[in-house]
1. Which numbered condition trips up residue 377, out of (1) in contact (Cβ under 8 Å) with a residue 40 or more places away in the chain; (2) away from the ligand (no atom under 16 Å from the Cβ); (3) among the acidic types (Asp, Glu)?
2. Checking the conditions here, which among 84, 127 is farther than 18 Å from residue 248 by Cα, away from the ligand (no atom under 12 Å from the Cβ), surrounded by fewer than 24 Cβ atoms within 10 Å (Cβ to Cβ) and among the small types (Gly, Ala, Ser)?
3. Considering 157, 97, 75, 65, which residue is without any contact (Cβ under 8 Å) to a residue 60 or more places away in the chain, of a type in the set (Asp, Glu) and surrounded by fewer than 17 Cβ atoms within 10 Å (Cβ to Cβ)?
4. So, residue 129, is that one free of Cβ contacts under 8 Å to residues at least 24 places away in the same chain and part of a helix (DSSP H, G or I) or not?
5. With (1) among the polar types (S, T, N, Q); (2) modelled with pLDDT of 95 or more; (3) under 21 Å from residue 327 (Cβ atoms) as the list, and residue 196 as the residue in question, which single condition is left unmet?
6. Is it true that residue 183 is within 16 Å of the ligand (Cβ to nearest atom) and either within 26 Å of residue 273 (Cα to Cα) or not in a helix (DSSP H, G or I) (or both)?
7. Could you give me the residue pairs with C-beta distances under 7 Å whose first residue belongs to the range 179-197 and is more than 20 Å from residue 492 (Cα to Cα), whose second residue is polar (S, T, N, Q) wherever it lies, and which are 6+ apart or on separate chains?
Amino acid sequence: MKYVSTRGGGTPCSSAEAIKKGLAEDGGLYFPSEIPTLTSDELSELCRQDYPHRAAAIMHRFLSDRFSLEELLSDCREAYCENSFPGGAAPVVHPGDGLYVLELWHGPTAAFKDIALQIMPRLFVRSVKKTGDTRQAHILVATSGDTGKAALEGYRDIDGVKISVFYPVNGVSRVQKLQMATQEGKNVRVYSVIGNFDDAQNGVKKIFGDAEINRVLDQKGEFLSSANSINWGRLVPQIVYYVSAYCDMVTSGAIRPFEEINVCVPTGNFGNILAAYIAKCMGLPIHSFVCASNRNNVLTDFFETGIYNRNRPFYTTTSPSMDILISSNLERLLYLVCGSEMTAGYMKSLAACGCYTVTDPIRRELSHVFSGSYCGEESTAEEIRHIWQTYRYLADTHTAVGLHCAEEYLAKVDGKRKMLVVSTASPYKFAPAVLSALGGELPQNETEAAERLRDLTGVPVPKPLDGIAKRKIRFDPDQPIKAEDMPTVVTED
Ligand SMILES: *Cc1c(COP(=O)(O)O)cnc(C)c1O
């Protein structure tokens, strides 16, 4: 298995190099030269295994050029242990009717990103060693909230690595801010940045592409890498939970073996839903995908019209992890459906004028598999209320966006197939919004919203979020830096 750039430049490399480097030399994203297939026998076998074994088996299919199954199994056992994921890494719950919910937030930071970021640092450290590199890695992360905390927790105190995280000062929730500001570990740094997520992400992208900064760091014995969902090491563990969820639906009797399901994913950077699509390409029986967006509905328009246009107002919503106008991982989908030459052209156009239009045949091909839809702010709150009243299921704002689009799809497009909706955050991570959606009165102090929500619903608060307001602040959120100062803080000690 070789890894190539979605833009066709550079030389193909090994899985270890792709994970070490994060971004290809020509600015493209790494993708395997072919997608391995999952036979029906293999799928049946996976149904009998636990999560760590499923994870090692699936990941090995993509990484076997440089990783042994034993290495991966040992890493997966550690990453997905009961201590980190009490009750399982990716449980499927059934609120009722055709709705099944894949809960991805039972990890150490109560974010779905934990699933990738608990294993990725282990893959990364192995990858650096396997490529013979002795320099220290400096991980740069731009985050709209959850990635930052999950990456900090995954990389903290790992030898040979340091990590700097940048988040938009007014683009994350109070709890997310507190989680990052109180991060422990000797190799971590956290910065709030003036602007929105795209400003922080563009700042990081510029640093990666700046030859002078890279030269200065190299002299210090450091090299840059990313933990964002553009890194293949982030994406490959995400393929696993779709296969695992499908197996769990089979073993629980929710579906017959090989029965087709639909999948709805609340989407921002397009990493999570892309992983689901790759699972389908491997042979997992998924019929269609609903790409659910919030009010920042650039993807909804894209799937409908074939025009991707980021030149539009940016809204700050109650589902901030999806407040994104450039969905980086969409590039990998484009590569899969139209090849590297056209992808490179579209990305050039996106960089130059913030816009591109795919050809009509490509738009039609995508529309057979993907359906874009979105849920505005009022509908998000209504959905939280409706799902609670109907099923006694407590959903966070991001999950509610997914549930809204999923219910619409079940009612209007396909009511026959079971719908697997991905739940990406604990309701307690966005407690003020969830509480007010349920008609609860907001307390003066935002951090008390979680207690009120618990009193109102009786749903327990996940351990990682309990008592967060009482922990010591290490990185002051109220002293944001300017995006243009990001290179300075990265190169200083
Ligand atoms: C990151 C995140 C998303 C978006 O996932 P993508 O892979 O970027 O599409 C959705 N919800 C939550 C809570 C997240 O943290």
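The values are calculated or read from the model by the stated rules, or taken from the named source; none is laboratory data. Predicted model only: the values in this text are computed from it and were never measured. Neighbour counts run over all protein chains shown; Cβ positions are idealised from the backbone, glycine included.
1. (2)
2. 84
3. 157
4. The answer is yes for residue 129.
5. Residue 196 satisfies every listed condition except (2).
6. Against the criterion (within 16 Å of the ligand (Cβ to nearest atom) and either within 26 Å of residue 273 (Cα to Cα) or not in a helix (DSSP H, G or I) (or both)), residue 183 does not qualify.
7. 179/109; 197/144
Yes or no, residue by residue, for (1) among the aromatic types (Phe, Trp, Tyr); (2) in contact with a helix residue (DSSP H, G or I) (Cβ under 7 Å, 6 or more places away or on another chain):
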site	(1), (2)
260	no, no
286	no, yes
300	no, no
303	yes, yes
311	no, no
